[in-house]
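Have a look at the structure below, then the notes.
The values are calculated or read from the model by the stated rules, or taken from the named source; none is laboratory data. Quick caveat: nothing in here was measured; it's all calculated off a predicted structure. Reconstructed Cβ throughout: ideal geometry from the backbone, glycine too, with neighbour counts over all protein chains shown.
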Amino acid sequence: MQWDSLSAFWDMGGAAAFVWGSYGVTFALVALEFFLVRRRRLDTVRRLLRWRRAVGKEKKERAA
Amino acid sequence: MTAAERAPRASLFRFAAPQTFYPLAGRLAPWFAAAALVLTLAGMWLGFFVAPTDATQGEVYRVIFIHVPAAWMSMFIYLVMAFWSAVGLVMNTRLSFVMSQALAPTGAMFCFVALWTGALWGRPTWGAYWVWDARLTSQLLLLFLYLGFIALTRAIEDPRRADRAGAMIALVGAVNVPIIYFSVKWWNTLHQGASVSLTKAPSMASTMLAGMLVMAFAAWAYTLAVTLWRVRPMILERERHTEWVGAVLEAEGARAGGGR
């Protein structure tokens, strides 16, 4: 291993901003995408369920 | 009678039917996500603790463990989108178009990551965040192709027309992918040539290469997981008039607490 200490690791040979700026933004985007995909799934299920019940009600009313 | 209602014949084609693919995607996605997590941890460990300091660049080269896998993935996803678009146009299978649309945001994300990490790597090594060389410019064009594809397929109300319009962008834009890949050969670019190719030995330490490949597999597994998760609600949306989606919705609604 090439790191003498934790601070040497964080410093990345003076390139900390470039290295951690790359990893930070990448993992932030991955987390955001994961969150958005999950939210979209829940939103879609709720919306379609509402739509389905509205359509079902309409059909029943028309039949009555 | 639609293809979805017909009795399944061959085992592989069975999964082309939305109601068999939907639960399969749901079952597979967590496994790919878990694989992505494990591979990312392994790749980061290789990248930061096993791979040596670069003789000329020092530590900043460690950006490579994201940069190269992200760039590969951004090109590969676009080709897969073009493939599904072609399948959709030729075979008239609607799930194919949905697959290509589910892939697009992840491809755009990786494309942006490749550009972003490239800029942060370029500044300390070339002295510039950005130069208009062939590699960088064609990669930027790829980002615009992704964004154009996403904007177009979402802007058109009629799904059939949106599918076809998107497929055209995916197919025409695919020409750009070999241009990106070979740009470092065809033009004099500031961007370096390929460090890894199928025809010659890689020009890097084997532990560096290992870290990069493991991260590339992580990106692959992540893409599969997130795309399968994204395609599921898209399928529900498209198939909302069918019986099976009704049953799925009622089951999900009961689980989520009465579908508020």
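Assess whether B:Ala254 counts as being out of contact with any Ser or Thr (no Cβ under 7 Å at 6 or more places or on another chain) and modelled with pLDDT under 95.
For B:Ala254, the condition - out of contact with any Ser or Thr (no Cβ under 7 Å at 6 or more places or on another chain) and modelled with pLDDT under 95 - is met.
Within the bounds of region B:50-62, is there any residue that is touching a Leu at 6+ places or on another chain (Cβ under 8 Å) and touching a residue at least 24 places away in the same chain (Cβ under 8 Å)?
Step one: list which residues in region B:50-62 are touching a Leu at 6+ places or on another chain (Cβ under 8 Å), which gives none.
Looking for residues that are touching a Leu at 6+ places or on another chain (Cβ under 8 Å) and touching a residue at least 24 places away in the same chain (Cβ under 8 Å), one finds none in region B:50-62, hence no.
Scan region B:83-93 residue by residue and report those that are farther than 14 Å from B:Thr153 by Cα and crowded, with 16+ Cβ neighbours inside 10 Å. Walk me through how you get there before you give the answer.
Pass one, region B:83-93, residues farther than 14 Å from B:Thr153 by Cα: B:83-84, B:86-93.
B:Phe83, B:Trp84, B:Ala86, B:Val87, B:Gly88, B:Leu89, B:Thr93 - these are the residues of region B:83-93 that are farther than 14 Å from B:Thr153 by Cα and crowded, with 16+ Cβ neighbours inside 10 Å.
What number of residues in region B:161-189 are touching a residue at least 60 places away in the same chain (Cβ under 8 Å) and of a type in the set (D, E, K, R)?
Here the count works out to 2.
Find the residue count for region B:182-202, including only residues that are in a helix (DSSP H, G or I) and surrounded by fewer than 16 Cβ atoms within 10 Å (Cβ to Cβ).
Our first condition is that a residue be in a helix (DSSP H, G or I); within region B:182-202, this holds for B:182-186.
Filter once more, so that each one left must be surrounded by fewer than 16 Cβ atoms within 10 Å (Cβ to Cβ): B:182, B:185-186.
Residues meeting the conditions: 3.
Which number in (1) buried (at least 16 other Cβ atoms within 10 Å of the Cβ); (2) β-branched (Val, Ile, Thr); (3) more than 30 Å from B:Arg240 (Cα to Cα) marks the one condition that B:Val175 misses?
Of the numbered conditions (1) buried (at least 16 other Cβ atoms within 10 Å of the Cβ); (2) β-branched (Val, Ile, Thr); (3) more than 30 Å from B:Arg240 (Cα to Cα), the odd one out for B:Val175 is (1).
Check A:Val55 against each of (1) more than 8 Å from chain B (Cβ to nearest Cβ); (2) under 29 Å from the mean Cα position of the chain (by Cα); (3) β-branched (Val, Ile, Thr) and name the one condition it does not meet.
Result: A:Val55 passes all but (2).
Only one of these conditions is not met by A:Trp10: (1) facing chain B (nearest Cβ under 8 Å); (2) in a helix (DSSP H, G or I); (3) touching a helix residue (DSSP H, G or I) at 6+ places or on another chain (Cβ under 7 Å). Which number is it?
(1)
Considering only residues that are within 7 Å of chain B (Cβ to nearest Cβ) and within 20 Å of B:Glu239 (Cα to Cα), which ones fall in region A:29-41?
Selection gives A:Val37, A:Arg40, A:Arg41.
Conditions (1) buried (at least 17 other Cβ atoms within 10 Å of the Cβ); (2) away from chain A (no Cβ under 11 Å); (3) free of Cβ contacts under 8 Å to residues at least 60 places away in the same chain, marked per residue:
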site	(1), (2), (3)
B:Trp116	yes, no, yes
B:Leu120	yes, no, yes
B:Tyr129	no, no, yes
B:Leu145	yes, yes, no
B:Ile150	yes, yes, yes
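Across region A:30-64, what is the number of residues that are over 22 Å from B:Arg232 (Cα atoms) and surrounded by fewer than 11 Cβ atoms within 10 Å (Cβ to Cβ)?
9
If you take the residues of region A:13-28 that are at the interface with chain B (Cβ under 7 Å from one of its Cβ atoms) and either under 22 Å from B:Ala33 (Cα atoms) or in contact with a Gly (Cβ under 6 Å, 6 or more places away or on another chain) (or both), which of them is surrounded by the most Cβ atoms within 10 Å (Cβ to Cβ)?
My answer is A:Ser22.
If you go through region B:203-244 one residue at a time, how many are within 11 Å of another protein chain (Cβ to nearest Cβ), free of Cβ contacts under 8 Å to residues at least 60 places away in the same chain and surrounded by 14 or more Cβ atoms within 10 Å (Cβ to Cβ)?
Selection size over region B:203-244: 3.
Can you tell me which residue is modelled with the highest pLDDT among those in region B:147-183 that are hydroxyl-bearing (Ser, Thr, Tyr) and within 18 Å of the chain's Cα centre (by Cα)? Full working, then the answer.
At the first step, the residues of region B:147-183 found to be hydroxyl-bearing (Ser, Thr, Tyr) are B:153, B:181, B:183.
Right, trim to within 18 Å of the chain's Cα centre (by Cα) and you get B:153, B:181.
Values: B:Thr153: 96, B:Tyr181: 92.
So the residue we want is B:Thr153.
Looking only at residues that are within 14 Å of another protein chain (Cβ to nearest Cβ) and of a type in the set (S, T, N, Q) in region B:50-99, which one is farthest from A:Leu6 (Cα to Cα)?
It comes out as B:Ser74.
Return the residue satisfying two criteria in turn: it lies in region B:30-49 and is surrounded by fewer than 16 Cβ atoms within 10 Å (Cβ to Cβ) and among the aliphatic types (A, V, I, L, M), and of such residues it is farthest from the other protein chains (Cβ to nearest Cβ).
So, considering only residues that are surrounded by fewer than 16 Cβ atoms within 10 Å (Cβ to Cβ) and among the aliphatic types (A, V, I, L, M), the one farthest from the other protein chains (Cβ to nearest Cβ) is B:Val38.
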